[in-house]
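Colleague: The structure that follows is given in the form of structure tokens.
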Amino acid sequence: MAGKRGALIVLEGVDKAGKTTQCKKLVQALQQSGQSVEMMRFPDRTTIIGQLINAYLEKKSDLEDHVVHLLFSANRWEMVKKLEQGTTLVVDRYAFSGAAFTSAKPGFCLDWCKKPDVGLPKPDLVMFLQLSPAQAALRGQFGEERYETDDFQRTVQQKFDQLMKDPSVNWQEIDASQSIEDVHREITTHSLNTINIAQDLPLGEL
Ligand code: DGP
């Protein structure tokens with residue numbers, strides 16, 4: 001496998017869709033199948049920029065909406081070396097969350113929201129865990145963080161629906177209302193196929 005690159009695999013979806021659980025299970029399954037793979041998540045709350053984002057999400061600070069949008073993007077840019085290093089990466093949220101969450105706020109257009117992430121590595125596969133607001137509600141109450149309300153999440157879902165119309169991104173919709181194991185099987189199959197194909201292709205740019 002020398003010289004072959006890994007794949008950049010992203011899981012997206014509204015809150016409660018099961019992204020984090022599925023990312024962890026996918027990393028384990030790929031490692032067991034002999035792949036060199038790491039997990040990343042955005043926002044990465046461990047960096048200095050990530051700490052500013054964390055305080056904002058926990059409502060301990062208020063930031064102007066454009067500023068916070070640019071911080072989320074900067075938090076992805078500060079990981080760009082890692083994203084380009086060639087190991088397969090399973091990423092919990094990426095630039096699509098960035099565009100969907102900010103454009104769900106009044107006065108923001110999707111086009112402007114996409115701009116700060118232009119030039120970041122383009123994922124080889126973006127799996128969108130699809131879960132209706134009614135199904136999400138069955139998984140319990142939202143937490144206390146910013147953005148965790150039914151109305152806002154509905155608007156975020158509409159923004160994701162718009163983003164998924166972009167044919168230049170390899171979107172794969174996954175029915176997240178299935179059992180954890182069924183979702184896992186589907187995700188693993190798509191990921192293994194992508195890893196095989198990606199190794200012979202150059203990494204693209206958003
Ligand atoms: P998580 O740690 O996956 O629960 O994500 C934290 C919250 O931040 C979640 O409500 C989604 C939101 N979020 C993630 N990425 C971005 C982004 O780039 N921009 C904005 N505005 N919100 C984001």
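None of the figures in this text is laboratory data; all of them are computed from the coordinates on show. The model shown is predicted, which means the values in this text are computed figures rather than measured ones. A quick note on method: Cβ atoms are made from the backbone with ideal geometry, for glycine too, and the neighbour counts reach across all protein chains shown.
Colleague: What pairs in LYS4/LYS81; LYS60/LYS81; LYS19/LYS115; LYS25/LYS81 have C-alpha atoms more than 20 Å from each other?
Modeller: Among LYS4/LYS81; LYS60/LYS81; LYS19/LYS115; LYS25/LYS81, the Cα-Cα distance tops 20 Å for LYS60/LYS81; LYS19/LYS115; LYS25/LYS81.
Colleague: While we're on this one: What does the highest-first list of 49-61, 143-155 look like by mean Cβ count within 10 Å?
Modeller: Result, highest mean Cβ count within 10 Å first: 49-61, 143-155.
Colleague: So, one more: With the cut-off at 1.5 for a/c, could you classify the stretch 72-173 from its C-alpha gyration tensor as rounded, prolate or oblate?
Modeller: It is prolate, given that a/c is not under 1.5 and a/b is the larger ratio.
Colleague: Could I ask something else about it? Nearest 10 degrees is fine. How inclined is helix 65-77 to the longest principal axis of the chain, computing both from alpha carbons?
Modeller: With rounding to tens, the tilt is 20 degrees.
Colleague: Something else now. Could you derive backbone 3J(HN,Hα) for the stretch 144-152 from the dihedral phi with the Karplus parameters 6.51, -1.76 and 1.60 (θ = phi - 60°), listing whole Hz in sequence and x where the residue is Gly or Pro?
Modeller: 9, 6, 3, 6, 8, 10, 4, 4, 5
Colleague: Here is a follow-up. Could you tell me how many degrees, from 0 to 90 and to the nearest 10, lie between the Cα long axis of helix 19-32 and the main elongation axis, the longest principal axis, of the Cα atoms of the chain?
Modeller: Relative to the chain, helix 19-32 is tipped by roughly 10 degrees.
Colleague: Then there's this: When you count, for each residue, the other Cβ atoms within 10 Å and take the mean per peptide, how do 87-97, 26-36, 65-75 rank with the highest first? Walk me through the intermediate numbers first.
Modeller: Numbers: 87-97: 22.9, 26-36: 15.1, 65-75: 18.1.
Ranking the peptides 87-97, 26-36, 65-75 by packing returns 87-97, 65-75, 26-36.
Colleague: How much mean residue ellipticity at 222 nm does the chain get from its helices, if each DSSP H run of length 4 or more adds -39500 (n - 2.57) and you divide by all residues, to the nearest 500 deg cm²/dmol?
Modeller: -13500 deg cm²/dmol
Colleague: With charges set only on the Cβ (+1 for Lys and Arg, -1 for Asp and Glu), what does the dipole of the stretch 8-202 come to about its Cα centre, in debye to the nearest 20? Don't skip to the answer; put the middle values down first.
Modeller: On the way: 22 positive and 27 negative charges, 48 e Å.
Value, rounded to 20: 240 debye.
Colleague: Note the direction-averaged projected area, equal to a quarter of the hull surface, for the Cα convex hull of the chain, in nm².
Modeller: Across all orientations, the chain yields a mean hull projection of 11.1 nm².
Colleague: Moving on to the next point. From the backbone phi of the stretch 107-114, what are the Karplus-calculated ³J(HN,Hα) couplings (6.51 cos²θ - 1.76 cosθ + 1.60, θ = phi - 60°) in whole Hz, Gly and Pro given as x?
Modeller: x, 10, 9, 4, 4, 4, 5, 6
Colleague: Positive end of the charge dipole of the chain (Lys, Arg +1 and Asp, Glu -1 on Cβ, about the Cα centre): tell me which of MET79, SER36, SER191 has its Cα farthest that way.
Modeller: With unit charges placed on the Cβ atoms, the residue in question is SER36.
Colleague: Choose one of SER103, HIS69, SER168: the residue whose Cα lies farthest towards the positive end of the charge dipole of the stretch 8-202 (beta-carbon charges +1 Lys, Arg; -1 Asp, Glu; about the Cα centre).
Modeller: So the residue furthest toward the plus end is HIS69.
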